[in-house]
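Before any comments, here is the structure.
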Amino acid sequence: MMTVPMETQILFAGVLFLIGLVGLLVRRNIIFMLMSIELMLNSAAMVFVMGGAHWGHADGQVMFIFILTVSAAEVSVGLALILQMYHHYRTLDADSMRKLKDHKANENL
Amino acid sequence: MTTFIWLIPVLPLISFLINVLFNRVIPRRGIALLGVGSVALSALITIIAGIKFLSIPPAGGAYTTTIYTWLSTGGFTADIAFRMDALTLVFCFVITFVGALIHLYSVEFMKDDDGFARFFAYMNLFVSSMLILVLSNNLLLLYLGWEGVGLCSYLLIGFWYKDPANDYAARKAFIVTRIGDTFMIVGLFLLVITFGTLNIDTLLRQAPLVWSSGSPVAVIAALLLLGGALGKSAQLPLQTWLPDAMAGPSPVSALIHAATMVTAGVYLIARLNVLFILAPEVLAAIAIIGAATLLIAGFSALTQHDLKRVLAYSTISQIGYMFLALGVGAWSAAIFHFMIHAFFKALLFLGAGSIILLLHEEHDMHKMGGLRKKMPIVFLTFLIGGASLSALPLITAGFYSKDQILWFSLASGIGSKWLWLAGIAGALLTSLYTFRMIFLVFFGEAKTEPKHQPGPLMTIPLIILAALSLIGGFIELPHNLGPVHLFSRLLEPVFPALILSESHAPEWIIQVISALIAIGGIYLAYLLFNKKTLSSNVIEKSRLSHFFYQGWGFDWLYNKLFVLPLVWLSQIDKKDFIDKFYSSLAHAVNYSGTLLSRTQNGKLRWYVMVMVAGLILLLTIMLNL
């Protein structure tokens, strides 16, 4: 079995995380933003798995299961919110959802 | 006996407390019973105490009782202690007896008012404070009562607080009397520094030993105390608050602004007579102030349109007579006039209150008229009160009390014919304005119909007070008319004897002159305002009368001299450097808040961006370390 060096593994996870982050920042469609968050979560989870393999420890895999569960829960809530949002406003554009801004200070924005 | 005189002020106080704490659960009937009952009970105790006092005179001429040591510090002690001598007895009698009658009257007068319970609470508190004022054995407790009555006066003038004019009148009364009170408290400090005590008895005994007659400190102390008396008793130059104080309900005017509180100054001077005798210049000033006030207020009373304002100016004028008497050393004459004045002026105010209430809050005398047949009981009692006020000879009490003052202002060793002339001129004015009022209100053609007749709760106090205004004078007859001197006998131990001057006109001539003046004034009023054979334009319409109507321009003068400069000063002082500092601090906080709140623009991606930037910043810092 071929072993990939540690640096490559970390670099891969980092690149994956950055892709997710950039996707979160540049996308305006809220479904894509949610997907980007999933990507970031998975890259983090991957680091756990890699750490577990490196040290020969089961903790990393246990942590991965936790993250998987949490992200599944998060996605279900998030998707429900998105459905409601689309239902109410007929749009998936995150930038048009600005009801929580401080109206007094941002009147001219 | 000495053990229960403390009940006299405490009973109304208890009633006040019960009323304040439980007025939501007690029905109106209960509140009325409580308010009237407590004062009536105090009156009963006072009368019992008075009978005992007269039958078995107590040792030292006074009942004393100490309840509690109020404060004791650095050699200075003040007790909650009451002392009842003849002077206090007279005041207590008037306060509780006339007070009870006015409370009884108020039950009907205020029956439709929303503030029924509040009214009786204030009135009870007032009666209690006033009784503390006259019963206390030291000047500190007296000052407590003094401020207590001032507070109640403020609360009751502004009783109908929804009208801003009433609030203004209340504030004016409070502030103007406060000026006098400040003089008084400084005077009390001076007395404490000099004598180390405020106990009235000790003060009066020590003062002649420490101060020689006319010494500067004595004069200053007397002047400061006089300041307090002038404010409370609405004398020149602090008289401007009383006419405006008529904004309160009529029973308040009767109790506070005619019978009791405004005579607190008279009480103070009479009580501390020894201090004032040690300052003869101040005593002379009191006489002159009294004479000037009675003339100024008399002229103003003559030109008023508002029924109650006539009576207000008349009160100022009559207290002027009391000050005149005090100033010439006729102490007991001043107190006698106080008592008789309390009877007839309370009567007149209550009568005026009934008229105003039943004529749908009509205050203007020119819009009244012809009420003689419409309200016969009010007319008769008002006529008796008016006759007593104008000192109609022989049959009314006012004649006996006022004649004494006029006689002593001439015959006293420190009196003079100028003071007497002022008093006589004032007497003419008094009967003129009194009967102008009576002719305008009760005679002529009817202009406004009364709603209904006053009920028994209103008429009974009127009848009792009318009876007292007639027969009250017979307890003290002039020397040449009869040997009845009950009143001055009673007060003899309290006051120093009056020294008469050697040369003066015989007493009967003076009496005949004042009697003629009173009757002449009434006849003149009859010609002017009823028969109208003489034109009353000079009184009603001329520019001079307008000047008098405005109270001789005192309000205008004080406004220009004190109020406007103060307002101007506070306007320019609004932006001094301390205010600048605090307001710039507020501006800075406000501005930075605005800046920060710009970050809350509601854009989700912006928040993520900021989070990421913060994360990078933190990571950078951590990696550098």
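The values are calculated or read from the model by the stated rules, or taken from the named source; none is laboratory data. Remember, predicted model here, so these are calculated numbers, not experimental data. A quick note on method: Cβ atoms are made from the backbone with ideal geometry, for glycine too, and the neighbour counts reach across all protein chains shown. Only protein heavy atoms, including side chains, enter the accessible area calculation; ligands, DNA and RNA are left aside. Shrake-Rupley method; radii C 1.70, N 1.55, O 1.52, S 1.80 Å.
Here the protein assembly as shown is treated with +1 on each Lys and Arg Cβ and -1 on each Asp and Glu Cβ, and its dipole about the Cα centre works out to around 1280 debye. Ranking B:Phe183, B:Met84, B:Phe442 by Cα position along the charge dipole of chain B, where only Lys, Arg, Asp and Glu carry charges on their C-beta atoms, puts B:Phe442 farthest toward the positive end. Inter-chain Cβ neighbour count for B:591-601, averaged per residue, equals 3 (cutoff 10 Å, partner chain atoms only). The stretch between B:Ile48 and B:Ile499, if pulled fully straight at 0.36 nm per residue, gains 159.0 nm over its current Cα-Cα span.
Per-residue extension of 0.36 nm, minus the Cα-Cα distance of B:His546 and B:Trp418, leaves a gain of 43.4 nm for this segment.
Taking all protein chains as they are arranged and a probe of 1.4 Å, the heavy atoms of B:Arg83 leave approximately 40 Å² accessible to solvent. Residue-wise HN-Hα couplings along segment B:292-303, as the Karplus relation 6.51 cos²θ - 1.76 cosθ + 1.60 with θ = phi - 60° gives them from phi, are 5, 5, 5, 6, 4, 5, x, 4, 5, 4, 5, 10 Hz; Gly and Pro carry x. In percent, rounded to a whole number, the relative contact order of chain B is 12, using alpha-carbon pairs under 8 Å and six or more apart.
Here the Karplus relation 6.51 cos²θ - 1.76 cosθ + 1.60, evaluated at θ = phi - 60°, turns the backbone of segment B:157-163 into coupling constants of 5, x, 4, 8, 6, 6, 8 Hz, with x for every Gly and Pro.
Peptides A:73-83, B:318-328 ordered by packing proxy, namely the average of other Cβ atoms within 10 Å per residue, highest first: B:318-328, A:73-83. Annotation: peptides A:21-34, B:566-579, B:220-233, B:281-294, ranked by per-residue average of other Cβ atoms within 10 Å with the highest first, follow the order B:220-233, B:281-294, A:21-34, B:566-579. Dipole check for segment A:7-107: with +1 at the C-beta of Lys and Arg, -1 at the C-beta of Asp and Glu, and the Cα centre as origin, the magnitude is about 440 Debye.
For segment B:9-84 versus segment A:51-88, the inter-centroid distance based on Cα atoms is 82 Å.
Please name whichever of A:Phe17, A:Gln61, A:Met46 sits farthest to the positive end of the charge dipole of segment A:7-107, dipole taken about the Cα centre and charges placed at Cβ: Lys and Arg +1, Asp and Glu -1. Value: A:Phe17. Distance between the pseudo-spin-label points of A:Leu81 and B:Leu619 (7 Å out from Cα toward the beta carbon): 2.4 nm. Using alpha carbon centroids, what distance separates segment B:380-459 and segment B:475-527, in Å? Cα centroid of segment B:380-459 versus Cα centroid of segment B:475-527: 16 Å apart. Close amide-amide hydrogen proximity is noted between B:Asn199 and B:Leu139, each under 5 Å apart and 5 or more residues distant or on a separate chain (H modeled in the peptide plane; Pro and chain starts excluded).
Charges at C-beta only: +1 for Lys and Arg, -1 for Asp and Glu. How large is the resulting dipole of segment B:279-541 about its Cα centre, in Debye rounded to 20?
Details: 16 positive and 13 negative charges, 153 e Å.
Taking the Cα centre of segment B:279-541 as origin, the dipole is about 740 debye.
Using only helices, what value at 222 nm comes out for the protein assembly as shown when you add -39,500 (n - 2.57) per DSSP H run of length 4 or more and divide by the total residues, to the nearest 500 deg cm²/dmol? If you can, show how the numbers build up before the last one.
Working: 32 runs with 502 residues, N = 734.
About -22500 deg cm²/dmol.
When you count the other C-beta atoms within 10 angstrom of each residue and take the mean per peptide, B:181-188, B:509-516, B:99-106 line up highest first as B:99-106, B:181-188, B:509-516. Based on C-alpha pairs under 8 angstrom that are at least 6 apart in sequence, segment B:279-541 has a relative contact order of 25 percent. Shielding of peptide B:603-610 by partners, expressed as the average count of other chain Cβ atoms within 10 Å per residue Cβ, is 5. Under 5 Å from the amide H of B:Ser233 lie the amide H atoms of B:Gly265, each residue being 5 or more positions distant or on a separate chain, with H modelled from the backbone and absent for Pro and chain starts. For the protein assembly as shown, the alpha-carbon coordinates run over 145, 67, 51 Å along the three principal axes, in decreasing order. Oblate is the label for segment B:41-171, because the ratio a/c of its alpha-carbon gyration tensor axes (a ≥ b ≥ c) is 1.5 or higher and a/b is not greater than b/c. For the segment A:87-97, counting C-beta atoms of other chains within 10 Å of every residue's C-beta and taking the mean gives 1.
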